[in-house]
Each structure stands twice: as C-alpha cells, then as structure tokens.
Amino acid sequence: MSRTTPLFQEHQQLGAQMVEFAGWDMPIRYDSLMDEHHAVRNSAGMFDVSHMAVVDLHGERCRDFLRYLLANDVAKLKQTGRAMYTCMLNEAGGIIDDLIVYYFSDDWYRLVVNAGTRDGDLAWINQHAPSFDVAVKERSDLAILAVQGPDAITHLTSVLSRTAAAAVKELKPFQAWHEDHWAIARTGYTGEDGCEVIVAADDVVPLWRELLNKGVRPCGLGARDTLRLEAGMNLYGQDMDTETTPLVSALGWTVAWDPEDRDFIGRAALAQQRAAGTTHKLVGLILDQRSVLRSGQEVQNSDGEVIGTITSGTFGPTVQRPIGFARIRKDVTEECVVNIRGKALKARIVKAPFVRQGKVMPGILGEDNAS
C-alpha cells in the first residue's frame, strides 16, 4: 500500500490525478500539465514534495563525517543556514543519491534525500555514522512544500510572520532560515526563483491553503519533470545511478578534489577514472521536428553506429521542442541521430540548461535565438 503525505486530502479535494511514485501516492497533475508548467515559469506554483526524506545528523564530529560521506566538501559551508548540492557515492564512485545538505550548527547538519533512495540512503548513512559518533534521525514529523516561480517569494512572504518574511527576503541562493520546526531555503528543482519550505506536518495544510488563496497554482510531478529537464537538472534513477559516476553524469563540478588529503568514499575510484579519461558524457539533446524523446531510446552517429542512450526526454513547454538528456560517446560533439520507432531523426547536441529563469538559453533554438 502506498504512503501518503499530510497534503493527500488537499490533492484529492482539488481533483488531482494521483499516481504511485517511489511508494507514495502523489499528484501527477491537477488539470493541465502545460498550464502548471507555465504558471511556474511566469508567476508561481507549489509542489508537495513531502515524499522526500529529511534526515538530521547530530554530533561533535558531524563535519568530519560528512566530509567523508559526501563528494562535495561541507567544510565550505561556514555560515549558519548555508546549503550545498552534492552526491553520495559508493566505493566504486557510483552515485547512491544526489542530495542537499544544510549546515545549521557545528553539531547539526540536515540532509534532504530522494524518496526512491530513502531506505538505501538511510542504511548507508547508518552504516558509517557510528565511526564518527553521529546520531542519525529521519524526520518523518516534517513535510516539504516547494514554492517556485518569479513571484514565489512575494507570495510566500505574504503569508509568513513579519520576522520570517524579513529573513526570507534576504536569503541568497542556497541559504536557509530556520526557527523551531520551520526551515525555509532558497532552493528548488525548476530553474526558477523560489523556496523549499520544511515545516511540521501539522503546519503544512494551513500553509498550502493560504498560498492557494493567494493564487499560487498547485503543480504535480508531471510539471516538476518538464521544469527540471528544461532547467538542466538530473533525475536520480534515470540520468544517474549507482552504475554511473559524477564524471559521466555532468556532475563533475560537485566533486571537491581539494584539499588533496580529504578522503571521501569513492575518491580513489573517481581519481582513477579521471586519470584514465572518461569514454562517455551526459549531454542535452534537442529535436527541431515533431516527435518525442524518451528514456531508453538509442542514440546513433551518422553511420548508424550506436553511441549512447537517452536517459530523460520530454516535450519542453517553454522551448516548444522535444528535449532530453543522453549519455553518449565523448567524441561526438555536434549532431547525432535518435532512433524513434524505427525512424532515424537528427538531434542537436546542446549545453544544458535549455531554460534559465523563464528564458530560453542562447543557441537552444538554433539560429532563431542565437543572438
């Protein structure tokens, strides 16, 4: 039986189409996926992401533990409330999960991990935490609401206390404010401005209703996927997994190699791969004709040789074209061919993101927006 979030009844009352996702009953859309997508790009939308796991770590050696556990270096988080995107790797350098880590004090860090990897993440963290005397606590008493879009902060701060609103308005990207059971971070998964709000489960329904009354549009997992793909953001389980490393997943920037004496899990394997050179890379693809890119489709060179696979694909509502990610051979740089239902369609290789803060990036549409 699927689990439900504290907002389950709210979704039902709004007529959401519910689907099973990572063991949870979640809304895929409420009405029109396109309208939800455009609401986030042009104004504000909100997503129930309470299926994701909040994990608090406590102990004097929290920093040492996370510097060993994660590929990025939490020593760079020097101000209370600072956050960082990183990968958690296995010994072979494969990605166990991608996550955000928050620094709240020297003996308190918070991780937000993916729903589909929750059990494996917790097992891995608990396996290594005792060596550092770190206590691990999953916060199942909390819920998460993502409020995203150019008007998101304006709407969110209008329903907060004066103190909280003032603090949130001053947040820079990847900063968080926290008080009691509330933590509000200027982070997101859409390529737009906005916040992710972690609150007590009892507080999330009133917050949802207040934002709904302000005109913030409820959005489902469907729009979340089109938004994140346009924004050039990987999805765990499709664009990366335990069989791929950050170096072949366009995530090399999340690996902190300095200082050289920091020994993190997977470092030796990554260093060996970096020295030998990778054979594949994750790239953005775009079709300039009608079709659909889907995960698993073969990518070929002009001679018909298979050079890779589509990892994620969709129709980009902002781009108005089929877009996707593909892991392909490293030597292919400009064009390739995607085999779609027996037809070989030319695709352009582009640098993600496709869209940033509501604007299509230069060159994505070809000559018509190259300037």
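The values are calculated or read from the model by the stated rules, or taken from the named source; none is laboratory data. As the structure is a computational prediction, the values presented were derived from the model and not from experiment. Virtual Cβ from ideal backbone geometry, glycine too; neighbours counted across all protein chains shown.
Tabulated values for the structure
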quantity	calculated
Boolean, residue 60 is more than 22 Å from residue 231 (Cα to Cα) and of a type in the set (Asp, Glu)	yes
Residue count, region 136-153 (criterion: surrounded by 17 or more Cβ atoms within 10 Å (Cβ to Cβ) and either more than 20 Å from residue 202 (Cβ to Cβ) or at pLDDT below 95 (or both))	6
Lone qualifier among 48, 56, 98 - being within 21 Å of the chain's Cα centre (by Cα), under 28 Å from residue 212 (Cα atoms) and either buried (at least 19 other Cβ atoms within 10 Å of the Cβ) or in contact (Cβ under 8 Å) with a residue 40 or more places away in the chain (or both)	48
Extreme residue, farthest from residue 264 (Cα to Cα), among residues of region 111-130 that are without any contact (Cβ under 8 Å) to a residue 60 or more places away in the chain and in a helix (DSSP H, G or I)	119
Those residues of region 111-120 which are out of contact with any helix residue (DSSP H, G or I) (no Cβ under 6 Å at 6 or more places or on another chain), closer than 14 Å to residue 56 by Cα and either among the small types (Gly, Ala, Ser) or buried (at least 23 other Cβ atoms within 10 Å of the Cβ) (or both), in sequence order	111
Test: residue in region 266-283 that is assigned to a strand (DSSP E or B), touching a residue at least 40 places away in the same chain (Cβ under 8 Å), buried (at least 16 other Cβ atoms within 10 Å of the Cβ) and among the aliphatic types (A, V, I, L, M)	yes
Qualifying position, being of a type outside the set (A, V, I, L, M) and under 20 Å from residue 188 (Cα atoms), among 45, 59, 23, 15	45
Scope region 166-180; condition assigned to a helix (DSSP H, G or I) and either modelled with pLDDT under 95 or buried (at least 18 other Cβ atoms within 10 Å of the Cβ) (or both); matching residues	167, 168
Selected residue (criterion: surrounded by the most Cβ atoms within 10 Å (Cβ to Cβ)) from residues of region 312-351 that are modelled with pLDDT under 95 and small (Gly, Ala, Ser)	344
Cross-chain or 6+ apart pairs with Cβ under 6 Å, region 151-173 first and farther than 17 Å from residue 199 by Cα, then part of a helix (DSSP H, G or I)	169/157
Region 250-265 residues that are of a type in the set (S, T, N, Q), paired with ones that are surrounded by 19 or more Cβ atoms within 10 Å (Cβ to Cβ) and in a loop (DSSP other than H, G, I, E, B) (beta carbon under 8 Å, 6 or more apart)	254/71; 254/72
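Table: residues versus (1) among the hydrophobic types (A, V, I, L, M, F, W, C); (2) closer than 23 Å to residue 287 by Cα; (3) at pLDDT below 95; (4) in a strand (DSSP E or B).
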position	(1), (2), (3), (4)
192	no, no, no, no
195	yes, no, no, yes
199	yes, no, no, yes
203	no, no, no, no
209	no, no, no, no
224	no, yes, no, no
250	yes, yes, no, no
258	no, no, no, no
262	no, no, no, no
